[in-house]
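Colleague: Handing you this structure, nothing more for now.
Since every read-out is calculated from the coordinates, none of them should be taken as a lab result. The structure presented is a predicted model; accordingly, all values stated were derived computationally and were not measured. Every residue, glycine as well, gets a Cβ built from its backbone with ideal geometry; the counts of neighbours run over all protein chains shown.
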Amino acid sequence: MLLIFSASETGRQGTDMSRITSIIFDLDGTLYGSPEFALEINRVGSQGLALQLGIDPERADRLLSGAKTAILELTGLEATLSAACKELGGDLRQLHGYLAGHVSPETYLAPDDRVVEMLKRLGRDYALYIYTNNNRSLTESIMRLIGVEGLFREIFSIEDFWRAKPDRLALAKLFAAIGAEPVECLFVGDRFDVDLRLPEEHGCRVWFTPTAEELLALEKFCKEGEKND
Ligand SMILES: [Mg+2]
């Protein structure tokens, strides 16, 4: 059974932020929410996989859904498009090449000033990073459209490690790249299994943001933690 907890619900974490120097954000579904755009990514992903496997897109779509369900049943963890693609024998580089060339985020996304301003304020106290399973080209387009470009110290996209989240080796490389220990990191994401479970196992703090409401509560969480220093 898939269990999803927010940090506040689990009670596993206090609010002490004294050691946190870095906040690592997921992008899609975390810094913006657009179910329509998520559907578009999956639709184009099915198209790309269909071309790779020489089948029609509807069949590729059914195979991807089936693979995600199978991974969930096998591991108890939510599966990503990347994991389902690999499970079906697809090539991750080809998939992302196709996505980068055929997904147009322009019609779906717009800035949320509340998020932009919060990130600007958080950026004064913490080093902010993006860690996403998306490709660099789409990531940069999305960040421009939602008004957050230039607010992050570094962006880690699928091209950096070619190992989709959740992945232990990619996570170890990320810690090394940003020069921070796990206990100095706060991870923020909208899918607990994909974005937060592994960092939490490493001793990082995590903040679960299934909706914009939780994302906007992040600043209060950080501030209250700082008061406890
Ligand atoms: Mg996400």
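Colleague: Rank these for me by crowding, Lys220, Lys173, going from fewest to most other beta carbons within 10 Å.
Modeller: Ordered from fewest to most neighbouring Cβ atoms within 10 Å, Lys220, Lys173 come out as Lys220, Lys173.
Colleague: Now a separate question. Using Cβ contacts closer than 10 Å as the measure, can you line up His96, His202 from fewest to most?
Modeller: Ranking His96, His202 by Cβ neighbours within 10 Å, fewest first, gives His202, His96.
Colleague: Considering every pair of different Cα atoms, what Kirkwood radius, in Å, is found for the range 35-106?
Modeller: About 12.2 Å, per the Kirkwood formula over Cα pairs.
Colleague: Take Thr211, Thr21, Thr30 and order them by how many other Cβ atoms sit within 10 Å, fewest up front.
Modeller: Fewest-to-most Cβ neighbours within 10 Å comes out as Thr211, Thr21, Thr30.
Colleague: Tell me the Kirkwood hydrodynamic radius of the chain in angstroms, computed as one over the mean inverse distance between distinct C-alpha pairs.
Modeller: With all distinct Cα pairs of the chain included, I get 18.1 Å.
Colleague: Still on this structure: Count the lysine pairs in the chain that are 8 or more places apart or on different chains: how many have C-alpha atoms under 18 angstrom apart?
Modeller: Final tally of qualifying lysine pairs is 6.
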